[in-house]
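The structure appears below as structure tokens.
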Amino acid sequence: GGPHCPSITDQQGEAMSVSADWSEVNELAADLGKAGLGAARKAQQVVAKAAADVQRTGAATAQQLFKPPPEGASTGATANSIGVDLENGGLAASIGPTTSYAAYLEFGTRRMSPRPFMGPALDAVEPSFTAAMGQLGGDIL
């Protein structure tokens, strides 16, 4: 088991979000349904905390990476645009920036090297998310 590798989805230069395929979450969701509302609420809290952590970490990384050079102007728009959408009754989340050029920053272009900020944020939070969901699953089962 364990989660599949997180991935970042680029939607053709438009808004991008980080997502991960945790196949075990579907099984856990079914078990949560059997375990009752209290367990589902705890799972929603774990997802919401992890999403907020990814958002905060991504924004902090973006702020560090995109400091204005002496000749340029960084507005902080990408870092400030990182939002969270809770989905599937709060058991899933999409986290990502809404600036039109965020994908270029994350993945680079042929003239600019990548400066990833969302992928590393997801990588940093994923172990604690997996552990918390595992703990919840162990408590339920």
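Per-structure values
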| read-out | value |
| --- | --- |
| Solvent exposure, largest accessible area first (probe 1.4 Å, DNA, RNA and ligands not counted), of 37, 122, 91 | 37, 91, 122 |
| Cut-off 18 Å, label 7 Å out along Cα→Cβ of residue 112, residues of region 43-60 by amide N | 59-60 |
| Potential extension, residue 80-residue 27 segment - 0.36 nm per residue separation minus Cα distance | 15.6 nm |
| Heavy-atom accessible area per residue - region 48-141, 1.4 Å, Å² | 55 Å² |
| Calculated FRET value between residue 64 and residue 124, using beta carbons and R₀ = 22 Å, to 0.05 | 0.95 |
| Whole-percent carbon and sulfur share, accessible surface of region 34-129, 1.4 Å | 55 percent |
| Solvent exposure ordering (accessible area, 1.4 Å, most first) of 115, 56, 110 | 110, 56, 115 |
| Solvent-accessible surface (1.4 angstrom probe) belonging to residue 87, in square angstrom, nearest 10 | 80 Å² |
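The values are calculated or read from the model by the stated rules, or taken from the named source; none is laboratory data. In this text, all values refer to a predicted model and were calculated from it rather than measured experimentally. Cβ sites come from the backbone with ideal geometry, for glycine too, and all protein chains shown count toward neighbours. For accessibility, only protein heavy atoms count, side chains too; no ligands or nucleic acids. Shrake-Rupley method; radii C 1.70, N 1.55, O 1.52, S 1.80 Å.
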